[in-house]
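What follows is a short report on a single structure.
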């Protein structure tokens, strides 16, 4: 393998890593909006259509917000930052939204399940996983052509421009993914505990003691 082949292989490896990072970055914003929308929709009893609409709106909002913050911190104006983010992330977010909402709609009972329901949380985990693999080739294609997340990549991790911008929070993709996974697993564990009646024995024991006390008196 000659030097050109090595360079080409390194470029492909770098593109793949950037594509994974870009997809995970988009996924976190989408997931925050999706979870918030589905939780609000199921909590107040919205129809599936309205719940999906709310989830998609919030997914785009949080997805764009997470991508805009590093650009603002690096010194770009709001208008310039939004124009870059709209060009960079729209196709990736749209792909995720179409796929994960379709998966949730196809899983029986997932959209209408309550928040303390195993089907809801398992459905979310499956939907986000499928959405990641659907959006990855989209991001890889765009990155290979200098588009998509490549437009914002140089701003991530850049030093703050100074002034009030230094107080703009920075969220690492790894940290956001860890928090997201912990949240999903936490919801799943709570749902499993609720459906299996974990802790009911303690409550029934207290009830028995109370009943015995009443009988004694």
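The values are calculated or read from the model by the stated rules, or taken from the named source; none is laboratory data. Note that the structure is a prediction, hence the values are computed from the model and not measured. No Cβ is skipped: glycine too gets one built from the backbone with ideal geometry, and neighbour counts run over all protein chains shown.
Inside region 138-217, counting only helices (runs of 4 or more DSSP H) that do not spill past its ends, which hold 2 or more residues that are within 20 Å of residue 19 (Cβ to Cβ) and modelled with pLDDT under 80?
150-153
With respect to the numbered conditions (1) part of a helix (DSSP H, G or I); (2) under 18 Å from residue 188 (Cβ atoms); (3) over 17 Å from the mean Cα position of the chain (by Cα), which one is the sole condition not fulfilled by residue 113?
(1) is the only condition that residue 113 fails.
Any residue in region 161-180 that is closer than 18 Å to residue 76 by Cα sitting within a Cβ distance under 6 Å of a residue that is surrounded by 10 or more Cβ atoms within 10 Å (Cβ to Cβ) and at pLDDT below 80? List the pairs, counting only those 6 or more apart or interchain.
Taking only residues 6 or more apart or on different chains, the pairs are 166/160.
Find all pairs meeting these conditions: Cβ atoms under 7 angstrom apart; at least six residues apart or on different chains; first residue within region 103-119 and touching a residue at least 60 places away in the same chain (Cβ under 8 Å); second residue assigned to a loop (DSSP other than H, G, I, E, B) and surrounded by 15 or more Cβ atoms within 10 Å (Cβ to Cβ).
These pairs meet every condition: 104/110; 104/111.
Does residue 103 satisfy being buried (at least 18 other Cβ atoms within 10 Å of the Cβ), in a helix (DSSP H, G or I) and at pLDDT 90 or above?
In short, yes.
Kindly establish whether residue 59 is within 22 Å of residue 183 (Cα to Cα), at pLDDT below 90 and in contact with a helix residue (DSSP H, G or I) (Cβ under 9 Å, 6 or more places away or on another chain).
Criteria not met by residue 59.
Given the condition surrounded by 17 or more Cβ atoms within 10 Å (Cβ to Cβ), under 15 Å from the mean Cα position of the chain (by Cα), assigned to a helix (DSSP H, G or I) and in contact (Cβ under 8 Å) with a residue 40 or more places away in the chain, answer yes or no: does some residue in region 78-90 qualify?
Scanning region 78-90, I find at least one residue that is surrounded by 17 or more Cβ atoms within 10 Å (Cβ to Cβ), under 15 Å from the mean Cα position of the chain (by Cα), assigned to a helix (DSSP H, G or I) and in contact (Cβ under 8 Å) with a residue 40 or more places away in the chain, so the answer is yes.
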